[in-house]
Amino acid sequence: MKSPYDGIPLENWPLVTRELLEQHPLPASEIVDVVLSTWDSIFASTMGSKGFRIGVDIFPKPQIMGFFLHELIPLEFATRYPDVWRAEFSKGDKDLVYVPDEFYSIELKTSSSSRHIFGNRSYAQQGAKGGKAKSGYYLAVNFQKFVEKNIRPAVKLIRFGWIDATDWIGQKAPTGQQSRIPPPIERIKLIELYPGSSE
């Protein structure tokens, strides 16, 4: 897939990012609403025959909280818009698939980091075959992790934009299993939707 930033001077990249968001079928306000309502629903849910609750009886690690967001956000959109949005079904699908035109499908990244998102090592392997495309729209959600039992963690940052496969950088160590996006690229290509301004 050709990058929408190809041939565009770096100083004009923020304009490209804005145009990409304006042409996307999901409005920014609804993306924020779904993320925040999904986060709330995690704490409102009960588990097991005794009705255990997250944040009251169970205090999951960030990976588990990220898993819940990763699964529930696509389901929420699919419920709101049946036959328009659906959750990932096959290996080549993005996390949230736009049925009328896969160009607008979204990859979801969650992290307990204050500002950054991460991918597994395959994101930085440009020659890797098969699987989902690494270029396209990304929804990035950063949240707090549990630190004390009586303090509920919150979603701190919601960003939306376009990331190209070539933006991902793998760890230098041969055994490194993580990839990242350089902060300048994150700032240009992911627009902050919530809380609405940089902290």
Enumeration of residues in the range 188-199 that are over 14 Å from ASP164 (Cβ atoms) and at pLDDT 95 or above = ILE191, GLU192, LEU193, TYR194
inquiry  = PRO153 - would you say it is modelled with pLDDT of 95 or more, assigned to a loop (DSSP other than H, G, I, E, B), over 19 Å from HIS70 (Cβ atoms) and of a type outside the set (Val, Ile, Thr)?
reply    = no
message = Just to check your reading of the model, which residue among LYS109, LYS94, LYS61 is closer than 20 Å to PRO153 by Cα, touching a strand residue (DSSP E or B) at 6+ places or on another chain (Cβ under 6 Å) and among the basic types (Lys, Arg)?
response = LYS109
inquiry  = Pull out all pairs, ordered by first then second residue, where Cβ-Cβ is under 8 Å, the residues are six or more apart or on different chains, the first lies in the range 74-97 and is without any contact (Cβ under 8 Å) to a residue 24 or more places away in the chain and crowded, with 18+ Cβ neighbours inside 10 Å, and the second is part of a loop (DSSP other than H, G, I, E, B) and among the aliphatic types (A, V, I, L, M).
reply    = TRP85/VAL99; ARG86/VAL99
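Test of understanding: among GLY131, GLY136, which residue is surrounded by fewer than 15 Cβ atoms within 10 Å (Cβ to Cβ) and either modelled with pLDDT of 95 or more or in contact with a helix residue (DSSP H, G or I) (Cβ under 8 Å, 6 or more places away or on another chain) (or both)? First the steps, then the outcome.
Numbers: GLY136 fails: surrounded by fewer than 15 Cβ atoms within 10 Å (Cβ to Cβ).
Criteria check complete, one pass: GLY131.
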ask   = Taking GLU71 and the conditions (1) of a type in the set (Asp, Glu); (2) over 17 Å from VAL155 (Cβ atoms); (3) under 14 Å from the mean Cα position of the chain (by Cα), which numbered condition does it fall short on, given that it satisfies the others?
value = (2)
key: Subset of the range 101-110 [within 15 Å of TYR137 (Cβ to Cβ) and in contact (Cβ under 8 Å) with a residue 24 or more places away in the chain]   = PHE103, TYR104, SER105, ILE106, GLU107, LEU108, LYS109
remark   = The number of residues in the range 1-27 that are buried (at least 17 other Cβ atoms within 10 Å of the Cβ) and farther than 19 Å from PRO184 by Cβ is 2
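Is it fair to say ARG152 is out of contact with any Pro (no Cβ under 6 Å at 6 or more places or on another chain), among the basic types (Lys, Arg), surrounded by fewer than 19 Cβ atoms within 10 Å (Cβ to Cβ) and under 29 Å from ILE188 (Cα atoms)?
Values: out of contact with any Pro (no Cβ under 6 Å at 6 or more places or on another chain): yes; among the basic types (Lys, Arg): yes; surrounded by fewer than 19 Cβ atoms within 10 Å (Cβ to Cβ): yes; under 29 Å from ILE188 (Cα atoms): no.
No.
The values are calculated or read from the model by the stated rules, or taken from the named source; none is laboratory data. This structure is a prediction, so every number in the text was calculated from the model and none was measured. Using ideal geometry, Cβ is built from the backbone for each residue, glycine included, and neighbour counts are taken over all protein chains shown.
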